[in-house]
Amino acid sequence: MEYINREIENQFENKVLPGKVLVLLGARRVGKSVLINRYLDKQKPGTYLKLNGEDQNDLALLQERTVSNYRKLLVGIDILAIDEAQKIPDIGLKLKLIVDNINNVRVIATGSSMFDLTNTLGEPLVGRKNTLFLYPFSQSEFSNYENIKETKDKLTQRLIYGSYPELEHQPSNEDKEDYLYQIVNDYLLKDILEFEGIRHTQKIYDLLRLIAFQVGNEVSVQELGQQLGIAKGTVDKYLDLLTKVFVLYRLSGFSRNLRKEITKSHKWYFIDNGIRNALIRNFNPVNFRNDIGSLWENYLVYERLKHQNYSRIKSQNYFWRTYDQQEIDWIEERQGAIHAYEIKWTVIKRHKIPVAWSKAYPEASFSVIQPNNYLEWISDR
């Protein structure tokens, strides 16, 4: 299959600037290196240097944190690109030294974990960095290469296998499954397991499987701890790390007016349906599943997040539920306005707005997102 252009390519090129570090964040295997390589291929040979934080030889080049060392390293170099930058000790201080003392150099740094890269880059590079996020392929990206019929024909496949870039090159469903199992086994927890103090690998996988069966529902951290036989605080720590390596997304409860609104619990979603299905080892077709509602909701939530990010839609996202079980799947607060969305796999013509919601937030808009109208919500189509 031909190369699929990424939504952030224009933003990416515009933010590679002298005296700045462009930080590109995203899960492993979503295409960060491919995006950088395509950008570097457009540059004049010999004017850029690419390093990898997982390569010991490359680490040695940056080890001596002095201006003279970096000036020697970057003679004639306009662009320094560093893959997996979070692996490099004191990377934030080293990049600060480079951009502050070597004129006109442009720096790109990628990372697959926020808990390492943003911590090590954060304070030293205040005012000196821009940050972009890259996800598995979005429907907006697919829409540039397929018509609406093709998109709708491929919907159920994406609900099952997700949208990791490499899947486009896998010839059969069996190959897709093998690839997703490889990601889960070899890459999914790689950054977490290298993080100090993380020992119980199996507990994290068990936690992810429990979350997988509760997609779209509120999750009790205390109950998860009891099921796993670990402390609530440990569950909280694992969940936080899983968000920071781009495996999970946490959605909090919304409240402004009612005492009976639930705000302390959370919902959890996976970055990709294929990862979720690989964890529970279920790639059965949609017609043979009893979790289609969860698949549909997880798919739409993450596609919406991609669309918000790539289209630079500034939004606070929530779910809404009351103690008497009135609920709405997705709430967006944008520019002072509230927008409510109910996500349904089965197409219905009329859907009643929860009474408590309409009374508490009469000014809020309300929409139902279902298979006959979802494309306009997750892409520009």
Could you tell me whether Val215 is farther than 27 Å from Ala340 by Cβ and hydrophobic (A, V, I, L, M, F, W, C)?
no
Candidates Val23, Val16, filtered to the one that is under 25 Å from the mean Cα position of the chain (by Cα) and at pLDDT 95 or above
Val16
Selected residue (only one of Asp41, Asp78 is modelled with pLDDT of 95 or more, more than 25 Å from the chain's Cα centre (by Cα) and surrounded by 16 or more Cβ atoms within 10 Å (Cβ to Cβ)):
Asp78
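Yes or no, residue by residue, for (1) of a type in the set (S, T, N, Q); (2) part of a loop (DSSP other than H, G, I, E, B):
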{"residue": "Ile192", "(1), (2)": "no, no"}
{"residue": "Gln202", "(1), (2)": "yes, no"}
{"residue": "Asp206", "(1), (2)": "no, no"}
{"residue": "Ile211", "(1), (2)": "no, no"}
{"residue": "Gly216", "(1), (2)": "no, yes"}
{"residue": "Lys237", "(1), (2)": "no, no"}
{"residue": "Asp240", "(1), (2)": "no, no"}
{"residue": "Ser255", "(1), (2)": "yes, yes"}
Here the residues within the range 245-260 that are at pLDDT 90 or above and either at positive phi or touching a helix residue (DSSP H, G or I) at 6+ places or on another chain (Cβ under 8 Å) (or both) are Val245, Phe246, Val247, Leu248, Tyr249, Arg250, Leu251
Failed condition for Tyr48, given (1) under 19 Å from Phe246 (Cβ atoms); (2) in contact with a Leu (Cβ under 6 Å, 6 or more places away or on another chain); (3) not acidic (Asp, Glu), with all others met?
(1)
Among the candidates Gln335, Gln370, Gln326, which residue alone is free of Cβ contacts under 8 Å to residues at least 40 places away in the same chain, outside the structural domain of Ile292 (by TED's automatic domain parsing) and touching a helix residue (DSSP H, G or I) at 6+ places or on another chain (Cβ under 7 Å)?
Gln326
Return a yes/no flag: does the range 46-55 have any residue that is modelled with pLDDT under 95, buried (at least 16 other Cβ atoms within 10 Å of the Cβ) and not assigned by TED's automatic domain parsing to the domain that holds Ser311.
yes
Could you please let me know if Leu239 is buried (at least 19 other Cβ atoms within 10 Å of the Cβ), under 20 Å from Phe319 (Cα atoms) and in contact with a Leu (Cβ under 9 Å, 6 or more places away or on another chain)?
yes
Looking only at residues in the range 265-296 that are closer than 21 Å to Arg28 by Cβ and loosely packed, with under 15 Cβ neighbours inside 10 Å, which one is nearest to the chain's Cα centre (by Cα)?
Ile280
Selected residue (criterion: surrounded by the most Cβ atoms within 10 Å (Cβ to Cβ)) from residues of the range 325-379 that are modelled with pLDDT under 95 and touching a Ser or Thr at 6+ places or on another chain (Cβ under 6 Å):
Ser379
Looking at (1) more than 22 Å from the chain's Cα centre (by Cα); (2) part of a loop (DSSP other than H, G, I, E, B), can you tell me which one Lys359 breaks?
(2)
Gln308 versus (1) out of contact with any Gly (no Cβ under 6 Å at 6 or more places or on another chain); (2) touching a residue at least 24 places away in the same chain (Cβ under 8 Å); (3) assigned by TED's automatic domain parsing to the domain that holds Asn144: which is the lone unmet condition?
(2)
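The values are calculated or read from the model by the stated rules, or taken from the named source; none is laboratory data. What you are looking at is a predicted structure, and each value in this text was computed from that prediction instead of being measured. Glycine gets a Cβ as well: all are built from the backbone with ideal geometry, and neighbour counts include every protein chain shown.
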